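Some notes on the structure that comes next.
The values are calculated or read from the model by the stated rules, or taken from the named source; none is laboratory data. Just so it is clear, the structure is predicted and the values come from calculations on it, not from any experiment. Backbone-built Cβ (ideal geometry, glycine too); neighbour counts: all protein chains shown. Just so you know, the surface numbers come from the protein's heavy atoms only, side chains and all, with ligands and any DNA or RNA stripped out. Shrake-Rupley method; radii C 1.70, N 1.55, O 1.52, S 1.80 Å.
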Amino acid sequence: APDAATQASRLAMQVTATEHAARAIASRTVNRVWSFRPFSVFVSALFRSGRPLFVTGFHRTVGCTRCGLCARLCPAGAITMTASGPEFQKTCEHCQACLNFCPCRAISYIRLKPNTPRYHHPEVTAEELCREITQ
């Protein structure tokens, strides 16, 4: 996670960008952008082909209380709860909501350890995400 000053700066920029986008939508402004980006196409294809392998990096730690929040948060439904805790499936989209919202920091990913600072937008709550996913 970035330091507090960087987070504040990025959030301020995002608020400005969101307001600009909302004004453009309200005024029905047309903004055509040429979107052929070969590098983006390459990276997207690389991500899609490697996605099943990414899930092997997720692990639950001994701090897991089996609360099930990670499974409720997963927009891809790629986490199933078992008696021993969450199991990560190959359909993972790598959004990292499970990692960043876990109240016990009990999910690690490759070198990311339980004591590593986590981040999520301060105005977005886990409950709000769970509601959006179920609707």
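What the table below lists for this structure:
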| item | result |
| --- | --- |
| The lone exception for residue 1 - which of (1) touching a helix residue (DSSP H, G or I) at 6+ places or on another chain (Cβ under 8 Å); (2) open to solvent by less than 60 Å² (accessible area, probe 1.4 Å); (3) at pLDDT below 90; (4) under 25 Å from residue 131 (Cβ atoms) it fails | (2) |
| Among (1) under 30 Å from residue 15 (Cα atoms); (2) open to solvent by 50 Å² or more (accessible area, probe 1.4 Å); (3) in contact with a strand residue (DSSP E or B) (Cβ under 7 Å, 6 or more places away or on another chain); (4) not acidic (Asp, Glu) - the single one residue 96 does not satisfy | (3) |
| Filter pass, residue 74 being open to solvent by less than 50 Å² (accessible area, probe 1.4 Å) and either more than 19 Å from residue 2 (Cα to Cα) or not aromatic (Phe, Trp, Tyr) (or both) | yes |
| Any hit, segment 31-50, residues being under 27 Å from residue 131 (Cβ atoms) and either free of Cβ contacts under 8 Å to residues at least 24 places away in the same chain or more than 16 Å from the chain's Cα centre (by Cα) (or both) | no |
| Those residues of segment 36-57 which are surrounded by 14 or more Cβ atoms within 10 Å (Cβ to Cβ) and either at pLDDT 90 or above or farther than 20 Å from residue 115 by Cα (or both), in sequence order | 51, 54, 55 |
| Count of segment 74-120 residues which are aromatic (Phe, Trp, Tyr), outside any strand (DSSP E or B) and touching a residue at least 40 places away in the same chain (Cβ under 8 Å) | 1 |
| Subset of segment 90-134 (residues that are at positive phi and under 11 Å from the mean Cα position of the chain (by Cα)) | 94, 96 |
| Residue 91 vs. criteria at pLDDT below 90, open to solvent by 30 Å² or more (accessible area, probe 1.4 Å) and touching a Gly at 6+ places or on another chain (Cβ under 8 Å) | yes |
| Residues of segment 1-30 classified as under 24 Å from the mean Cα position of the chain (by Cα), of a type in the set (A, V, I, L, M, F, W, C) and part of a helix (DSSP H, G or I), total | 10 |
| Subset of segment 109-135 (residues that are open to solvent by less than 60 Å² (accessible area, probe 1.4 Å) and either modelled with pLDDT of 90 or more or in contact with a helix residue (DSSP H, G or I) (Cβ under 8 Å, 6 or more places away or on another chain) (or both)) | 109, 112, 118, 126, 129, 130 |
| Subset of segment 121-135 [without any contact (Cβ under 8 Å) to a residue 60 or more places away in the chain and assigned to a loop (DSSP other than H, G, I, E, B)] | 123, 124, 125, 135 |
